[in-house]
Amino acid sequence: MKALGSIGKSIKRSEDKRFLTGQGKYVDDINLPNQVYAAFLRSPYAHAIINRIDTSGALGSPGVSLVVTGTDWLKENYGPLPCTSRINTFVGGEKMKVPPRHCLAIDRVRFVGEIVAMVVAETKPSALHAVELIEVDYEELEVVTDPEEALKPGAPQIWDDIPNNLCLDFELGDRIKTAAAFDSAHYIISRKIKNNRVAGVPIEPRGAIANYDDDTKRLTLFNSSQNIHENRDAYAIDVLKIEKEKLHHVAPDIGGGFGVKNGTYPEPPLILHAAKKLCRPVKWVADRSESFLSDTQGRGQVSTVSLALTKEGKFLGLRVETVGNLGAYCGTIGPFTPTAGTARTQGGPYGFASIYYYAKVVFTNTAIMAPYRGAGRPEAAFQLERIIEETARELDFDPIELRKKNLIQAKTLPLRTAMGLDIDSGNFVEVFDQALSLTDRTGFSARASAATRRGKLYGFAIAPYLECTGGGSKEFAGITVRDDNKIELSVGSHSTGTGHETSFAQLLSGYLGIGVDSIVFFQGDTDRTPFGGGHGGSRGMEVGGSAVYEAASTFIKKGRLLAAYILGVENSRLQFSNGVFFVSGTDKSVTSEDLIAQSAGSEVINGEFGYGYLNVSATFEREIMSIPNGCHACEVEVDPETGGINIVNYWAVDDFGTIVNGMLTDGQVMGAVAQGIGQALMEESVYADSGQLMTGSLIDYALPRAFDVPNIRIQYYEEAPTKKNPLGVKGAGEAGCVAAPHVVFNAIADALRNFNIESLDMPLTSEKIWRTIHRR
Amino acid sequence: MTRVSLEVNGKKTSIDIPDNTLLSTFLREHLNLKGTHIGCDTSQCGACVVIVNGKTVKSCTMLALQAAGSRVETVESLCDDGKLHPMQRAFHEYHALQCGFCTPGMLMTAVALAKKGKEIDELSVRTELEGNLCRCTGYQNIVAAILAGAKKMRTQT
């Protein structure tokens, strides 16, 4: 099926107008008649036994209709929130240790922010006031927040039946072959490399409204979720123990996700319970402080990374041993990130004969960890590109040449990497060269000298990256022809700001040859989409777009029969091109738009073909993940007086296969690079040894602001569409987060080449830089 | 409860409200103007920026009662009879929004900045956006849109 010209064009977004005029509809913009408000008492201790909870003060407080504690919750026979990580078996064959994650703390709290009780009251202030009146007798226990400490003998035990706080261990690659490569190596370089723990911070805090219809016995949940189908199944089947059809899950406009809104949380089942109990809608929207305490966080790994190479600098083997922080419980797919999530892209686009990856996944008294934009690939890329940079520095290799000589050559594709990724397309050398030529290397010394004259230190770095995308493998797309001649397109995934309303309509418009204006897009409603894989793993266009392709294909197949009937010809004589069904060499033709118009409400056609004949439900299921890749570079200026860092230039060349809408793709790259810069320079979730979150507000947790990020110059390498999906698309949403942290770090390391940077970890705050320069 | 009287988006309004009502809550819950968004509780994010007597204000930092007698403009005031304001058009043209949550605050900051009539460039726009957080766009397109929108506003007046 050939697409019309609209695919590939930077069509402006159709969703913009409502957002620009203040008419977007986020969860907090919804109010239901007669609604009450939930508020949560959250643990002030990171680890404590709950001896007693006295709720009488809260229950007697004005406006309060319900107070629920862990004891009450267990009486309802509700189940824990499930952990669905596909990686769930120890290297030795034992099952992963999954402690019960109930929606309320049961007799013991394990992180600051864990929910101890829920209060429901007439107004939000009265609910918050009543929360203050609950008295809890806590008995403090010893706390551990650092995953390496948590593994040591004698560390506080977070779960009585989980020794050494070890949830799971994991390996991938060939240990013996890698050991042999290290034995034969001329050089071995090892470093301990930390990946800082960060918070996702979508600007819209999480929130939900639950409603119960006593007539149909059906619950409705309006929820800031980027994964409505899987969340619904968990809330309905696992927790509330009702049929999934009894829970209608709706996600309205979502104010950013980045992984934070992908997994399950305790608040939705709690307010669903309250709505059923009270037969009234129950609303809860988090404050930002509450979000910092209770949203899932990401990254948080400590790794020992070793690179083995020949005398000439040829990479022989890579070994990475990681300890991943899981928080106090297993998040929905929490154990996945530090295991397979980080393992898969080890080795990047370089030709490694052997790689061995080993991880331990560890409980600590901190908030729950989950995939955050990139989910393991940023960690893997950072580990690799830091060790390569350190190798180049220590052994005096040119960092550009060292990288280039080890890149996988295009002529060896397709190939399977040492970590088992199938690379079917791409050209890493050309991408690298394209990026290098973009950076104007010849002008570097002039720029560096000018900086030196101003008293600044100047540095440059360039590095390729390897991605793997596709997230949830299966997606739904449906087409419904309406009586007003418009076409409804529904897709099971969900846009969190990523422009699906525009890009999916753009695809369908291109395939069917109909105007974008005649397509009405729907998403985020389990009653209108039978299934969906959520929004994660850069899967929107790759999997969702491919489902739209399948729906369009089926539509055209059916449309051909209808066109043949209308034109009175044999359907085998019909061709379809540019939105027109026609018989070659004749004047017999009918457009897709005509078909839609003629079939809408036509009794003749309904009689002949059946009602809703042109309505289509389609599924796309990808087999293997696609492998986006690229090469980013940057130049930084460091002020030795202040330690301040200015990213002067940032260049990106990305291979995302086919580009459907370059404007939207640019937006993804810019946003993800900014998040990567944030992680490199300023972001970190810090827990005190007591388990208190020190970065519990936007005053303490630094997000990049407009003057912290540069303009990014972006180019695409479009010569290598993948054959793994019908669009040729490789996911674009997370690549910037994968590519940016190490490039920024390495450029700063270059600027600080005359200083000892051994102890430097992200985030590279000005304070750390200043201390490095001034040896304080 | 105290009666507060003020002008919001050109309309005079007079309502009894609890004394501790924030201007942001007043706009959202009492006047149903949902375009003003709440993204934090420490006046850091800027999603709630409105214009009070010509000056940008984070509406979560001010009690509604403090705005008594004032002229308040929210994002809902920008669109004129269904026609987008030049700054809104520029945000659309330059893909300066993704999830849209920070957008109303960004727009109000941008419009107020442009109305100052001073020459602006990339650096000054980036500096002026100090009080507005965006997590989606990386700011690049927002900055470009503000420069273009401000230029459009100048040529139209």
*Identify unpaired cysteines across chain A, taking unpaired to mean no other cysteine Cβ lies under 4.7 Å from the residue's Cβ.*
A:103, A:167, A:279, A:468, A:631, A:634, A:737
*Which GluC sites (Glu not before Pro) in the stretch B:88-134 pass both tests, a DSSP loop state and at most 16 other beta-carbon atoms within 10 Å?*
B:119
*For n ≥ 4 DSSP H runs only, could you compute -39500 (n - 2.57) per run for chain A, divide by its residues and tell me the 222 nm figure to the nearest 500?*
-8000 deg cm²/dmol
*Fully extended, how many nm does the chain gain between residue A:488 and residue A:214 (0.36 nm per residue separation, minus their Cα-Cα distance)?*
95.6 nm
*Please sort by residue number the trypsin sites (Lys or Arg not before Pro) in the stretch A:53-150 whose DSSP state is loop and whose Cβ has at most 16 other Cβ atoms within 10 Å.*
A:86
*Mind checking the angle between helix B:140-156 and chain B's longest principal axis? C-alpha axes, 0 to 90 degrees, to the nearest 10.*
80
*Quick one: how many Å² of residue A:772 are accessible to a 1.4 Å probe, rounded to 10?*
20
*Which residues of the stretch A:192-232 show a drop of at least 50 Å² in accessible area when all protein chains are present, compared with their chain alone (probe radius 1.4 Å, heavy atoms only, ligands and nucleic acids excluded)?*
A:203
*Given a 1.4 Å probe and every protein chain left where it sits, what share in percent of the accessible area of the stretch A:471-621 is carbon and sulfur?*
44
*Tail beyond 23 Å, pair distance distribution of chain B (Cα, percent)*: 34
*asked:* Using only the alpha-carbon atoms, what does the stretch A:169-234 span along each of its principal axes? Please give whole angstrom values in decreasing order.
replied: 74, 27, 15
_Where trypsin sites (Lys or Arg not before Pro) in DSSP loops with at most 13 other Cβ within 10 Å are excluded, longest remaining stretch of chain B_ = B:1-115
*So for the pair residue B:53, residue B:151, with labels modelled 7 Å out along Cα→Cβ, what separation do we get in nm?*
3.5
*At a probe size of 1.4 Å, how large is the accessible area of residue B:95, to the nearest 10 Å²?*
0
*From other protein chains only, count the Cβ atoms within 10 Å of every residue's Cβ in A:704-716, then give the mean.*
5
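Computed on protein heavy atoms with a 1.4 Å probe, what is the summed buried accessible area for the chain pair A and B, in Å² to the nearest 100?
For chain A against chain B, roughly 4100 Å² becomes buried.
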*How much of the DSSP beta bridge set in the protein assembly as shown is antiparallel, as a percent to the nearest 5?*
80
_Over the stretch B:2-77, relative contact order from alpha-carbon pairs under 8 Å, at least 6 apart, %_ = 38
_Between residue A:586 and residue A:619, what's the calculated FRET efficiency when r is the beta-carbon distance and R0 is 35 Å? Round to 0.05._
0.45
*Mind checking B:120-126 for the average number of partner chain beta-carbons within 10 Å of each residue's beta-carbon?*
2
*residue A:557 paired with residue A:401, simple spin-label distance in nm, labels 7 Å along Cα-to-beta-carbon*: 5.7
*Would you mind estimating how fast the stretch A:444-532 diffuses translationally, via Stokes-Einstein at 37 °C and 0.692 mPa s with the Kirkwood radius over Cα pairs, in µm²/s?*
194
*Solvent-accessible heavy-atom area per residue, rounded to whole Å², over the protein assembly as shown at 1.4 Å*: 36
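May I ask you to rank A:655, A:750 by accessible area, largest first, using a 1.4 Å probe over the protein chains only?
Greatest to least solvent exposure: A:750, A:655.
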*Each residue of the stretch A:674-684 in order: what ³J(HN,Hα) in whole Hz does its phi give by Karplus 6.51 cos²θ - 1.76 cosθ + 1.60, θ = phi - 60°, with x for Gly and Pro?*
4, 5, x, 5, x, 5, 5, 9, 8, 7, 6
*Residue separation times 0.36 nm, minus the C-alpha to C-alpha distance between residue A:608 and residue A:90: what's the value?*
180.6 nm
*Whole-Å distance, taken between Cα centres, linking the stretch B:77-147 and the stretch A:579-618*: 45
*Which three extents, in whole angstrom, do the alpha-carbon atoms of the stretch A:471-621 cover along their principal axes, largest first?*
48, 30, 26
_Exceeding the 28 Å Cα-Cα cut-off - candidates A:456/B:152; B:83/B:151; A:244/A:724; A:95/A:277; A:25/A:558_ = A:456/B:152; A:244/A:724; A:95/A:277; A:25/A:558
*Qualifying aspartates and glutamates (Cα of each under 12 Å from Cα of residue A:283; at least 8 residues distant if same chain)*: A:28, A:29, A:122, A:267
*Hey, what's the Kirkwood Rh for the stretch A:621-739 if you take every pair of different alpha carbons, in angstrom?*
16.3
*³J(HN,Hα), Karplus 6.51/-1.76/1.60, whole Hz, each residue of the stretch A:586-595, x for Gly, Pro*: 10, 9, 7, 7, 8, 8, 4, 4, 4, 4
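The values are calculated or read from the model by the stated rules, or taken from the named source; none is laboratory data. Predicted, not measured: the structure shown is a model, and the values here were computed from it. As a convention, Cβ positions derive from the backbone with ideal geometry for all residues, glycine included, and neighbour counts pool all protein chains shown. Heavy atoms of the whole protein, side chains included, go into the accessibility calculation; ligands, DNA and RNA do not. Shrake-Rupley method; radii C 1.70, N 1.55, O 1.52, S 1.80 Å.
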